[in-house]
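Accompanying notes for the structure given below.
The values are calculated or read from the model by the stated rules, or taken from the named source; none is laboratory data. These figures come from a predicted structure and were not determined experimentally. Cβ placement follows ideal geometry from the backbone for every residue including glycine, while neighbour counts extend to all protein chains displayed.
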Amino acid sequence: MIKYYTFKIKRYLPNETPKTRWDEFRVKLNNMERVLDGLIKIKETMDGTLTFRKSCAHGVCGSCAMKINGKNRLACQTLVKDLPEIIEIEPLPSLPVIKDLVVDMTLFFQKNDKVLPYLINEEPPPQRERIQSPQDQHKILESITCIMCGSCTTSCPVFWSDKEYLGPSALLKAYRFLFDTRDKATEQRLKAITGQDGIWRCHSIFNCVEVCPKEIDITKHILKLKRLAIKKGFKGGQE
Amino acid sequence: MFSWLLHRITGVILLFGLMYHFILMHFLGHDNYSYEAVMQRLVDPSWKIFNIVFLLSALFHGFYGINGLITEYVKGNSMKNFLKIFIFILPLILAFFGIKIVIF
Amino acid sequence: MRYRWNIGSLAWITHRITGIILTFYLIAHIFVLSHLKDPVAYNKIMAIMKNPLLKFGELILFAIVLMHVFAGLRITLLEFGISTKYQKTMAYMGALVVGVLWIIGTFYFLREVL
């Protein structure tokens with residue numbers, strides 16, 4: 001089934017004008033095609049200046065996260081047949097826009113760096129790899145599937161108003177290493193996330209869970225972090 | 001961290017306190033909040049303790065919430081610090097007034 | 001387009017706004033009560049409180065308290081171990097309970113006035 005869709009795209013072209021504007025494009029798409037296909041068609045046949053990020057186009061790289069009809073999602077994972085005929089596309093909210101749908105993700109990745117996103121284990125390494133049992137892996141399986149597209153952090157109302165907040169994505173990363181049985185830096189990691197801008201700023205709003213393209217229950221992980229922090233706090237591990 | 005936990009605990013205290021407060025003062029008729037009835041209750045030490053716990057819980061709970069709002073919405077560090085000091089002192093003053101009326 | 005609301009963010013914004021109102025009310029409440037040591041002043045305030053407009057205000061306050069309590073209860077239960085699977089159910093149930101309790105409360109309020 002082939003249908004016409006109207007793409008309303010928020011444009012920002014800093015070389016032409018500092019103002020943003022809305023452009024409309026009518027695109028013919030079949031019901032197997034995705035928003036990303038529409039964007040590619042527009043760029044190739046209608047307006048070559050339209051700028052957006054894309055890479056794998058199969059929901060693995062997380063480059064094409066954008067706000068589609070008022071909700072953050074991956075353009076490559078959103079079928080046009082599930083949307084109304086008018087499709088409104090904006091860049092991810094609350095991050096500085098570079099051009100059209102491309103945002104500056106520096107702040108997002110800085111938050112990620114703050115939670116020490118690497119394995120810390122001072123023990124001498126064994127002959128081969130550090131072994132992890134399937135049960136232990138199961139504990140962190142959900143959090144490992146994160147592709148860091150930025151949908152969750154930019155959907156969080158706390159992050160919109162408080163740019164110091166670590167955000168759901170970084171906290172999920174903290175969970176991934178805190179609950180990894182091979183990692184030994186529990187104290188250090190808890191210290192990084194229990195400050196004023198860490199887990200206590202999460203108010204269980206569930207916006208991040210609504211948008212996650214990998215369907216990770218991020219709030220569940222942050223709630224587990226809170227319980228861990230309280231438990232360790234009572235044992236005197238944390239201030 | 002412990003202030004966060006205390007926020008939850010005072011929340012639960014307030015839940016039961018408010019239940020009692022509403023039933024007594026608003027649902028069970030006029031006699032409970034006449035001047036004489038209130039003063040008679042205030043003489044009882046268990047009521048004094050209830051009132052003080054209720055008062056301090058409400059103040060802590062309310063102002064911890066406002067503290068979070070300031071962290072999230074106020075831009076600029078000097079303004080933030082000023083407001084944080086202000087909402088630290090204000091509940092202390094209110095607690096003083098509240099405890100004064102309960103005890104004396 | 002404005003960012004889409006969902007039940008979680010609606011519960012959060014309700015919790016937040018009612019929380020601010022209640023804190024300001026708390027300040028006023030303590031301030032007024034702490035100046036009511038003698039029976040004359042006390043009875044004067046109580047007479048003012050009989051005003052139907054203020055009674056209506058009390059009903060609104062009751063609704064605000066209920067909303068704040070149940071939004072807070074949901075968050076606390078989630079934090080202390082109820083599965084996040086039930087977060088939406090809890091939000092809808094909470095809204096329902098708030099409505100029912102408010103109607104029951106209104107009945108008692110009005111019985112007192114009439």
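Return the total of residues in the stretch B:51-104 being of a type in the set (D, E, K, R) and either surrounded by fewer than 12 Cβ atoms within 10 Å (Cβ to Cβ) or touching a Phe, Trp or Tyr at 6+ places or on another chain (Cβ under 6 Å) (or both).
Total satisfying the criteria: 2.
Tell me, yes or no, whether the stretch A:10-23 has at least one residue that is more than 24 Å from residue A:56 (Cα to Cα) and within 23 Å of the chain's Cα centre (by Cα).
The answer is yes, given that some residue of the stretch A:10-23 is more than 24 Å from residue A:56 (Cα to Cα) and within 23 Å of the chain's Cα centre (by Cα).
Could we say that residue C:41 is over 24 Å from residue B:8 (Cβ atoms), surrounded by fewer than 16 Cβ atoms within 10 Å (Cβ to Cβ), more than 14 Å from chain A (Cβ to nearest Cβ) and within 19 Å of the chain's Cα centre (by Cα) here?
Working: over 24 Å from residue B:8 (Cβ atoms): yes; surrounded by fewer than 16 Cβ atoms within 10 Å (Cβ to Cβ): yes; more than 14 Å from chain A (Cβ to nearest Cβ): yes; within 19 Å of the chain's Cα centre (by Cα): no.
Against the criterion (over 24 Å from residue B:8 (Cβ atoms), surrounded by fewer than 16 Cβ atoms within 10 Å (Cβ to Cβ), more than 14 Å from chain A (Cβ to nearest Cβ) and within 19 Å of the chain's Cα centre (by Cα)), residue C:41 does not qualify.
Looking at the stretch A:139-239, what helices (runs of 4 or more DSSP H) fall wholly within it and have at least 1 residues that are within 11 Å of chain C (Cβ to nearest Cβ)?
Answer list for the stretch A:139-239: A:157-161, A:207-211, A:218-234.
Here's the yes/no breakdown for (1) more than 30 Å from residue B:101 (Cβ to Cβ); (2) within 9 Å of another protein chain (Cβ to nearest Cβ); (3) in contact with an Asp or Glu (Cβ under 7 Å, 6 or more places away or on another chain); (4) modelled with pLDDT of 90 or more:
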position: C:22; (1), (2), (3), (4): no, yes, no, yes
position: C:36; (1), (2), (3), (4): no, yes, no, no
position: C:45; (1), (2), (3), (4): no, no, no, no
position: C:65; (1), (2), (3), (4): no, yes, no, yes
position: C:70; (1), (2), (3), (4): yes, no, no, yes
position: C:81; (1), (2), (3), (4): yes, yes, no, no
position: C:93; (1), (2), (3), (4): yes, no, no, yes
position: C:99; (1), (2), (3), (4): yes, no, no, yes
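Given (1) loosely packed, with under 14 Cβ neighbours inside 10 Å; (2) within 23 Å of residue B:17 (Cα to Cα), where does residue C:53 come up short, assuming only one miss?
Failing condition for residue C:53: (2).
Looking at A:184, A:173, A:214, which is the one that is crowded, with 22+ Cβ neighbours inside 10 Å, assigned by TED's automatic domain parsing to the domain that holds residue A:228 and over 20 Å from residue B:1 (Cβ atoms)?
A:173
Cβ-Cβ below 9 Å, separation at least six or inter-chain, first residue in the stretch C:30-48 and under 16 Å from residue B:39 (Cα atoms), second of a type in the set (Asp, Glu): which pairs?
C:39/B:36
Residue A:135 is checked against (1) among the polar types (S, T, N, Q); (2) without any contact (Cβ under 8 Å) to a residue 24 or more places away in the chain; (3) buried (at least 22 other Cβ atoms within 10 Å of the Cβ) and fails just one. What number does that condition carry?
(3)
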